[in-house]
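Nothing in this text is a laboratory measurement; each read-out follows from the coordinates by a stated rule. Owing to the predicted nature of the structure, the values given are computational and were not obtained by experimental measurement. Every residue, glycine among them, receives a Cβ derived from its backbone with ideal geometry; neighbour counts consider all protein chains shown.
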Amino acid sequence: MPERSKNDATDAQAIFEAAGRPTMRFVPVKSVECQDLQALHRIRDRLVHSRTSSINHTRGLLAEYGVVLPQGAKRFTAQVGQVVAEADLSDLARELFSELLDQLGDANHYLRRQIMHGARAVGRWSDPRAEWMKGGAARRGFNRAVIAVANKMARAAWAMLVREETYAPA
């Protein structure tokens, strides 16, 4: 009769017995690139979950004030700014909702996705930025190089907006 308790000792014994079987198939160790991609997907899922949670939380709090907004991220974000501005809220409530909306506006997924697509495209050109990216890809992997280029692009775009400059190619 097999042991019914699940613990480390029975797990180790089962692994030992399974490893000795000739028909046992082993799972290969994941490459660093595969692990990076899996981490990227998990982080994206967490961010989407967090954004959805924030939207639902904000919708629920606004509903307590009698402000009802539609479900769905696109419809919510399209209407929430105007609705909060026009709602009959106390100064404290208006400030709190303003903070929540600022936090939601920080994880602009469309803009982030566009910057990532642009960063991937950099590698197809032959200019100093592309060479920098190719060097990073050789050292750290393609996905990390894309993220580094996207980060540089986002910082450059922010600097141009703050300084009210136009883009000047290198």
For the chain, the longest principal axis of the Cα atoms and the Cα long axis of helix 142-163 enclose an angle in degrees, to the nearest 10, of 10
Tabulate in residue order the Karplus-calculated ³J(HN,Hα) for the stretch 72-80, using 6.51 cos²θ - 1.76 cosθ + 1.60 with θ = phi - 60°, rounded to whole Hz; enter x for Gly and Pro.
x, 4, 5, 5, 4, 5, 6, 10, 4
Viscosity 1.002 mPa s, temperature 20 °C, Stokes-Einstein D of the stretch 108-170 from Kirkwood C-alpha radius, µm²/s:
176
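With loop defined by DSSP as not H, G, I, E or B, and exposure as at most 16 other Cβ atoms within 10 Å, which is the longest segment of the chain clear of exposed chymotrypsin sites (Phe, Trp or Tyr not before Pro)?
On the way: sites that count: Phe26, Tyr65, Trp125, Tyr167.
The answer is 66-124.
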First measure r as the distance between the Cβ atoms of His117 and Asp11, then evaluate 1/(1 + (r/R0)^6) with R0 = 45 Å and state the FRET efficiency to the nearest 0.05.
0.50
Cα→Cβ-extended label distance, 7 Å offset, between Arg75 and Ser90, nm
3.0
Anchor Lys134: lysines whose Cα lies under 28 Å away (excluding residues fewer than 8 positions away in-chain)
Lys30, Lys152
What the 5 Å binned alpha carbon P(r) of the chain shows, as percent of pairs per bin from 0, is 1, 6, 10, 12, 10, 10, 10, 9, 8, 8, 7, 4, 3, 1, 0, 0
Between helix 109-122 and the chain: long-axis angle, C-alpha atoms, 0 to 90°, nearest 10
60
Neighbour cut-off at most 13 other Cβ (10 Å), DSSP loop, GluC sites (Glu not before Pro), the stretch 1-65:
Glu3
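Using 1/(1 + (r/R0)^6) with R0 = 25 angstrom and r between the beta carbons of Lys30 and Ala148, what's the FRET efficiency to the nearest 0.05?
Values: r = 22 Å, r/R0 = 0.88.
So the FRET efficiency works out to roughly 0.70.
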